[in-house]
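The values are calculated or read from the model by the stated rules, or taken from the named source; none is laboratory data. Just so we're clear, the structure is a prediction, and the values are computed from it rather than from any experiment. So basically every Cβ, Gly included, is an ideal-geometry build from the backbone, and we count neighbours across all protein chains shown. Heavy atoms of the whole protein, side chains included, go into the accessibility calculation; ligands, DNA and RNA do not. Shrake-Rupley method; radii C 1.70, N 1.55, O 1.52, S 1.80 Å.
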Amino acid sequence: MNFAFRYIFSSAKKEPGRILLVVLGLSLAIATFCAIRLANDVSLRSFESTARFLRGNSDLVLSSLSGRIDFELVSFVTNFPGIRSASGRLERAGLLSGDSGHEHVRVLALDLLKNSEFDYYNPEALSDREQFFSVLSGETILVSPALLSLIDSKLGYSVLQVEGHSIDLTRFTLLPLSLLGDDFSLVLDLEVYLDRFGKDREIDAIDLIFDQRQSLEQSKSELFEILGPYFTLSSEEESKERLATLTEALRVNLHYMAAIALFVAMLVVYHVMSFLGVRRRADFSLLKSIGAAPGTLWRLLFFEAVLLGLIGAVLGYGLGYTLAVFVSADLSSTIKALYAQVVVQEVSFTLKSFIEAILLGVAFSVVSVVPIAYEASRVTHIGRGSGHDEMRVDSPANLGWALAGFGILMASLALSDLTLVRNYPGLGLLLALLLSVGVLCLLPLCFWWFLKAVRPFCQHPGRVALLLAIDHMTSSFRRGSVTIASVALALGMFIGITTMISSFRGSVSNWMQETSDGDVYISLPGPYQNRSTERLPVNLIEFLRASPVVSEGTQSVVVPYRFSGNDIFVRSYQPLLDSKAQNMDNSQQCSLAVSESFARRYQVDSGQELALTSSKGAIRYEIKEVVADYSSERGTVYLSPQCFEQLLGSFETQAISLKLDSQTDSEEFITEIRDLFPDLPLQIRDGQGLRDEVIETFDATFKITYALQTISLILVSFIILNTILILFFERKHEFATLRAIGASLNSLRALAVIEALIISVLACIFAFILGIVLSLFLIYVINLAYFGWSVVFSISWQIIGVTFVVTLILVAALTFILSKGALQKNMQEALRYE
Amino acid sequence: MDSEPYIEVKQLSKSFKVGATTQLVLDTLDLKVDRGEFVGIVGKSGSGKSTLLNIIAGLELADGGEVRVAGKLISTLSSEQSAAFRLKNIGITFQFFHLLPNLSLLENILVPGYLIGASRTELLKRAHDLARWVEIEQLLHKLPSQVSGGELQRAAVARSLVNNPALLLADEPTGNLDSESGEHVMQLFSDSQSRFNTTILMVTHDLELCSRANRTVVLSKDRT
């Protein structure tokens, strides 16, 4: 141990640069992994805690399939035997008016005061929410810090409109509550809300706390018997499960990215450690000559790997912790765009995540060093220690790799069954890694063929730099292969994600062009997750119907619905200009279609029957069609107006899409509507505005993947820098010899640049292949397994081209800049080296 | 021989920093070597033999004094200029051969010719001629790892002469060879001197090898 310490520290003193490269590579990868894990944990924890806050820590939550419950049910349920407490709640979209316009506000109303008989002053009897709010009165409104700043900003934001009624917020005591998040949200007492706004007196859910004297299951079944199947009761466990299912796809995909980053790091560490191994071959030969056993060399290298892994992991965790702050902000945007409001809590240190990082760092470092330790143990005591890679891989071995790669690719394709991937999230991750490994296993053979093919071409006086570059790549073939593989993997990850996003974006864009070709879109304030009960007033609809400039119009409604324990959406469309809605009893007019994500999630297809529950019982519909709909991955059911009314009651228009005649200017028409209905807080957008908004939401959804793209580019830059530095370290002796013979500095620089460029070009080619394979996997396997969307594959040649060009320029520039210093120093020392 | 010395060293000084101390290796050294002369330089370890050779080759800069080779003041040349001068006028052999490991012996011999941009046909002919002369023609396709030390050094000698340099610098050329191989290499030097009128400066710690030289210069830590 004493000797191992001394040897390792003296090596580190002699080659600090290379040791630093190992530590940096490892810490960067650990940082990536930790950033994603920490951000993932904090964002999802935030999501869960917000959800828990809303539930009031209740035993069960009572809701209806249509998402609306009469408030009077609260009193009824409270008196039910076994229920200790029942509190109503709802969430609506409001509009806050100010001098410069309107802002959308999320309005939460909770039953803040107790409804039961038990001791009000006994904290244990209260739910968390009740404890928190028990000191507040009905004249207090809790607001998010951002909203409070807006109201305090003296821009005149004070009047809140919800469900067609308004109040002046400044007449209340406004207190900040950071749990509400970073957008404009507020919480007020449910009774106050219903008194001021909710004339229909409909709420979203009732939170129930049960008496412990009776089992929850028994209470649940008794309640069901009375209420009927139109209502649902979900427990915290079921909520957690729903939440987990909801976010499952996102979590799994994030871990794919993190795992690939770790894999790249392992290659980087192997790359640098193998060079160290070669440099120390003379030392190993000497040690063996004086009696060191192979086991001693294994232990020495493992000990070094453990030390470097520890240092890299600690640094990586620190860096990852810092990065997590930025990543969690992006991830929260994604969750917000996809699911619900998230409060960005602080990233917190946990011992578990720290130990995880340490174990990962050490494990990866140790695994990377295994082949090097194996070689070291086999060095003979007559080892020449010439500093060159004598263990070249020749053709048969390369062919072996290629065959193995082909086999791995075939196995991966065979295992890429959608059902398997959906049921075993880890399988998707494994397949992504296997595909990467499979493609990269083809690399040694291709590289070898390339070197063989180019060599005869180099034997010409004008091509000496190329000849020497080919020579060096041949002599350090394995390290060259690993370098190309590392760059290809990191760059391939970037291309895979970019291609997947551009394909997706293109599909969404095309879908928007086809389905949203209206000139003007009118709705009331943007509902949060479409839970708004806002309906467009009848006089507006009549006006539009009668307007001579409107050539076509479509009315739409979308409501949340509970199906098989999950939240889905039900949409319906009705023409604006056709005659009145047809007779509801005419069932031949009733039709139903489902979105692709619905079909995937619930394993249905066109021609099959779907049972939906109404207030009058279950209704069976035939699925006429499965449609592409990129609006939500939760799943959407499309009903004709007749079916909609049959299931959920009257069709109340939430939004209208209009086509205007060709002579009418959209902007003028919009102005006219606003002038005619000045008191209505209408949201009116032109066609392009709507399409832009959809793309904006799309970009917000993919914000986290953009962060991962950035990380992959950072990894690429690191590997390239690492490669160039190693190139100069490794060839110091050779460059010194050439310099001594009389080679000019420029010719040596050309030599270095040529080699770096050849490696980079080969890496780019393989990155392209790997990227396309990964993107096809993400689009046609992961997407279909978890989201079910039809995405048309398309390659963004521009982005890929720019990426490759920038990579090559970066490589050439870095090599050129670093060569000056590297080539001029220590020439004499290099010549004396043997 | 020409009247002007081919190599002229005047008041050459060179020192190295070793930790906190400065070691004076060459102290106001003077040396003249005529065109076509074979000079052996001997001395103990640390006497500055290799340093002297490196300064003459333009691989190192002196602290003081001047060095002229073929009338050119080497000490004032930039690194690029000295590399170009070296390529055209000086051939070097080393104790450890310093052949490029994955080029064949033929390709190693050709490298200086490639660098200078010579015609491939002429270059090949010259390389083969040299290979024949140094008796490694049958081994030209082999890699350095596949031949013996003596064969390597002969290949290195051939490489050093491919551009027809006027000056050949040899740093311990037989240091890593057995006596028979060493003798063979020394014979090559003598032949080179007689056939090509090459000026040869050879550094060695073996006084016996200097018997082939026209002159022997002894460097010591005190004075030359």
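How large is the dipole of the range A:662-750 about the Cα centre if only Lys and Arg carry +1 and Asp and Glu carry -1, each at its Cβ, rounded to the nearest 20 debye?
Working: 8 positive and 13 negative charges, 295 e Å.
The dipole of the range A:662-750 has a size of about 1420 debye.
Which residues, if any, in the range A:714-762 have at least 40 Å² less accessible area in the whole protein complex than in the isolated chain, probe 1.4 Å?
Output list: A:THR737, A:ARG739, A:ALA740, A:ILE741, A:GLY742.
At a 1.4 Å probe radius, carbon and sulfur cover how many percent of the accessible area of the range A:608-679? List each step's numbers first, then the result.
Working: 1500 of 3490 Å².
It is 43 percent, rounded to a whole number.
Taking the Cα centre of the range B:45-194 as the origin, how large is its charge dipole in debye, to the nearest 20, when only Lys and Arg (+1) and Asp and Glu (-1) carry charge on their Cβ atoms? Mind dumping the intermediate values first?
Numbers: 12 positive and 16 negative charges, 103 e Å.
Taking the Cα centre of the range B:45-194 as origin, the dipole is about 500 debye.
Length gain on complete extension for the stretch A:PHE457 to A:ILE817, per 0.36 nm per residue less the alpha carbon to alpha carbon distance? Don't jump to the answer; show the numbers that get you there.
On the way: separation 360, 0.36 × 360 = 129.60 nm, distance 2.83 nm.
Gain on stretching A:PHE457 to A:ILE817: 126.8 nm.
Let me cross-check A:LEU148: its accessible surface, 1.4 Å probe, with only protein heavy atoms counted, in Å² to the nearest 10?
30
Taking N as the number of residues in the range A:645-692, what value does Rg over Cα atoms divided by 2.2 N^0.38 Å take?
Values: Rg = 13.9 Å, N = 48, 2.2 N^0.38 = 9.6 Å.
Relative to the rule-of-thumb radius for its length, the range A:645-692 sits at 1.45.
What spacing in nm lies between the two simple spin-label points modelled at A:TYR424 and A:PHE9, each 7 Å away from Cα in the Cβ direction?
In this crude label model, A:TYR424 to A:PHE9 measures out at 4.9 nm.
Once you've got the GNM for chain B with C-alpha springs shorter than 10 Å, pick whichever of B:THR198, B:THR93, B:THR28 has the biggest mean-square fluctuation.
Top of the fluctuation ranking is B:THR28.
Just the ratio, please: alpha-carbon radius of gyration of the range A:697-787 over 2.2 N^0.38 Å, N its number of residues. Walk me through the intermediate numbers first.
Details: Rg = 20.0 Å, N = 91, 2.2 N^0.38 = 12.2 Å.
The reported ratio for this selection is 1.64.
Under 5 Å between amide H atoms, partner at least 5 residues away or on a different chain: which partners does A:GLN683 have, H built in plane at 1.01 Å?
Those qualifying (amide H under 5 Å, at least 5 residues apart or on another chain) are A:SER523, A:LEU524.
Can you list the residues, at least 5 places off or on another chain, whose amide H is less than 5 Å from the amide H of B:LEU177, using H built in the peptide plane?
none
Any idea of the total accessible area buried by the B-A contact, 1.4 Å probe, rounded to 100 Å²?
Values: alone 11000 and 36000 Å², together 44330 Å².
About 2700 Å² of accessible surface is lost on pairing.
How much length is gained on full extension from B:SER148 to B:LEU24, taking 0.36 nm per residue of separation minus their Cα-Cα distance? Write out the running numbers ahead of the final one.
On the way: separation 124, 0.36 × 124 = 44.64 nm, distance 3.74 nm.
Full-extension gain reported as 40.9 nm.
Express the relative contact order of the range B:63-188 as a whole percentage, based on alpha carbon pairs under 8 Å and six or more residues apart in sequence.
Details: 156 pairs, mean separation 44.4, N = 126.
RCO, the range B:63-188: 35 percent.
Where the convex hull is taken over the Cα atoms of the range B:55-146, what is its projected area averaged over directions, in nm²? Mind dumping the intermediate values first?
Working: hull surface 29.1 nm².
Answer in nm², one decimal: 7.3.
Per residue, how much accessible surface does the range B:103-183 expose to a 1.4 Å probe? Answer in Å², no decimals.
Working: 3070 Å² over 81 residues.
Accessible area per residue, the range B:103-183: 38 Å².
Simple spin-label model, 7 Å along Cα-to-Cβ: A:GLN513 to A:SER662 in nm?
2.0
Of all the C-alpha pairs in the range B:113-220, what % are more than 23 Å from each other? Each step should come with its number before you reach the end.
Values: 1669 of 5778 pairs.
Here the long-distance tail beyond 23 Å is 29 percent of all Cα pairs in the range B:113-220.
Choose one answer from B:VAL147, B:VAL25, B:VAL157: the residue with the largest mean-square fluctuation in a GNM of chain B with alpha-carbon springs under 10 Å.
Per the Cα network of chain B with a 10 Å cutoff, B:VAL147 tops the list.
Where does chain B land at 222 nm, in deg cm²/dmol rounded to the nearest 500, when only DSSP H runs of n ≥ 4 count, each adding -39500 (n - 2.57), divided by all residues? Mind dumping the intermediate values first?
Numbers: 6 runs with 77 residues, N = 224.
For chain B, the value works out to -11000 deg cm²/dmol.
Once fully extended, how much extra length lies between A:ILE795 and A:LEU415, figured as 0.36 nm per residue of separation less the alpha-carbon to alpha-carbon distance?
On the way: separation 380, 0.36 × 380 = 136.80 nm, distance 2.52 nm.
Full extension from A:ILE795 to A:LEU415 adds 134.3 nm.
List the residues, sorted by chain then number, that are 5 or more residues from A:SER166 or on another chain and whose placed amide H is less than 5 Å from its amide H.
Under 5 Å from the amide H of A:SER166: no residue qualifies.
I'm a student and want to see the number: the projected area of the Cα convex hull of the range A:416-509, averaged over all directions, in nm². Intermediate results must be reported in sequence, preceding the final value.
Working: hull surface 36.0 nm².
Result: a mean projected hull area of 9.0 nm².
Please turn the phi angles of the range A:734-748 into ³J(HN,Hα) values with the Karplus equation 6.51 cos²θ - 1.76 cosθ + 1.60 (θ = phi - 60°), one per residue in order, whole Hz, x for glycine and proline.
In residue order, the calculated couplings are 5, 4, 5, 4, 5, 4, 5, 5, x, 5, 6, 4, 5, 5, 5 Hz.
Picking from A:ILE695, A:LEU682, A:PHE644, whose Cα lies most toward the positive end of the charge dipole for the range A:613-767 (charges on Cβ: Lys, Arg +1; Asp, Glu -1)?
Value computed over the given set: A:ILE695.
Could you run the Karplus curve 6.51 cos²θ - 1.76 cosθ + 1.60 with θ = phi - 60° over the range B:59-70 and give me ³J(HN,Hα) per residue in whole Hz, x for Gly and Pro?
Karplus-based 3J(HN,Hα) across the range B:59-70 equals 7, 9, 9, 7, 7, x, x, 9, 10, 10, 10, 6 Hz.
Does any residue of the range B:91-135 lose at least 50 Å² of accessible area with all protein chains in place compared with its chain alone, and if so which ones (probe 1.4 Å)?
B:PHE96, B:HIS98, B:LEU100, B:PRO101, B:ASN102, B:LEU103, B:GLU107, B:TYR114, B:LEU115, B:ARG120
Report ³J(HN,Hα) in whole Hz for each residue of the range A:507-513, in order, from the Karplus equation J = 6.51 cos²θ - 1.76 cosθ + 1.60 where θ = phi - 60°; Gly and Pro get x.
Going residue by residue, I get 5, 5, 4, 4, 4, 4, 4 Hz, with x marking Gly and Pro.
May I have the extent of the alpha carbons of chain B along their three principal axes, as whole Å values ordered from largest to smallest?
Extents along the principal axes, in whole Å: 48, 39, 35.
Please compute, for peptide A:465-474, the average count of beta-carbon atoms on other protein chains lying within 10 Å of each residue's beta-carbon.
Numbers: counts 2, 0, 6, 6, 0, 2, 6, 3, 1, 3.
Partner-chain Cβ atoms within 10 Å, mean over residues of A:465-474: 3.
Quick check: convex hull over the Cα atoms of the range A:427-565, volume per residue in Å³, rounded to an integer?
Values: hull volume 32.3 nm³, N = 139.
Convex hull of Cα atoms, per residue: 232 Å³.
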